[in-house]
Amino acid sequence: MVNKMKIIGFVGLPGSGKGEASQIARQHGLAVVVMGDVIRLEAARQGLEPTDQNLGRIGNALRAAHGPDAVAKKTFERALATGNDVVVVDGLRSREEADFFRAHADEFHLVEVCAPAKDRLKWLAARGRPDDPGKSQADDGKGIDEDTKIIASCREPDSLAAAALEQRECREMGWGMCEVMKIADLKLINDGSLDDFRKDVKKLLGLLVAGTSFYSEEQL
């Protein structure tokens with residue numbers, strides 16, 4: 001069944017700027033549903049800390065038990081619950097998820113957000129979320145498995161966080177992120193200033209949402 005809803009989906013590697021793009025959407029009155037929140041809620045239900053390792057295991061288990069579009073289905077329910085005609089979905093990780101949204105929404109636009117690896121690692125460290133490979137994990141080693149620590153031991157001082165990021169990217173690529181990035185309709189390059197990126201996001205949302213009250217040429 002196709003629902004009369006427009007979905008704008010963001011896909012990108014960890015730390016690429018998807019969260020910042022979603023925040024801009026919120027600031028301009030758009031509903032935002034984060035796919036990772038489905039995993040974090042399940043971790044909370046199981047009484048687990050929201051570390052990268054725990055969330056990765058839960059994500060794998062959900063997809064193994066209910067199919068590769070399992071998280072997309074739960075996310076779509078949350079999108080419908082907003083009651084909005086336009087919803088931004090943050091964090092697609094597979095082609096199956098994109099196919100699900102495209103099949104069930106009246107209109108679906110997939111946007112890839114990309115940024116250099118060194119910048120992504122820096123931004124993740126500054127964000128400091130429990131599942132991020134930032135300094136808190138690099139300092140105490142918590143939430144990082146032994147294989148990652150062994151890989152990091154051969155690298156530079158900040159390499160524990162870098163190795164954790166690499167491990168996370170490999171897991172998400174295993175879910176099919178490479179394929180979904182290849183079929184993105186549009187691309188946002190996040191390799192300049194934060195202000196420039198925010199302007200680019202705003203312009204893109206204005207074009208995709210065409211006619212919503214927040215967008216006008218004067219605002220750009």
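Below is a table of values for the structure above.
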| read-out | value |
| --- | --- |
| Most to least packed among 79-92, 13-26 [average Cβ atoms within 10 Å] | 13-26, 79-92 |
| Orientation-averaged projected area, Cα convex hull of the stretch 1-106 (nm²) | 6.7 nm² |
| Inter-site label distance for Asn60 and Asp195 at 7 Å from Cα along Cβ, in nm | 4.5 nm |
| Residue-wise HN-Hα coupling along the stretch 13-23, computed from phi with Karplus coefficients 6.51, -1.76, 1.60 (Hz; x: Gly, Pro) | 5, x, x, 6, x, 4, x, 5, 4, 5, 5 |
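Every read-out reported here was derived from the displayed coordinates using simple, explicitly stated rules and does not represent laboratory data. All values reported here derive from a predicted model rather than from experimental measurement. Counting neighbours? That spans all protein chains shown, and the Cβs are built from the backbone with ideal geometry, glycine included.
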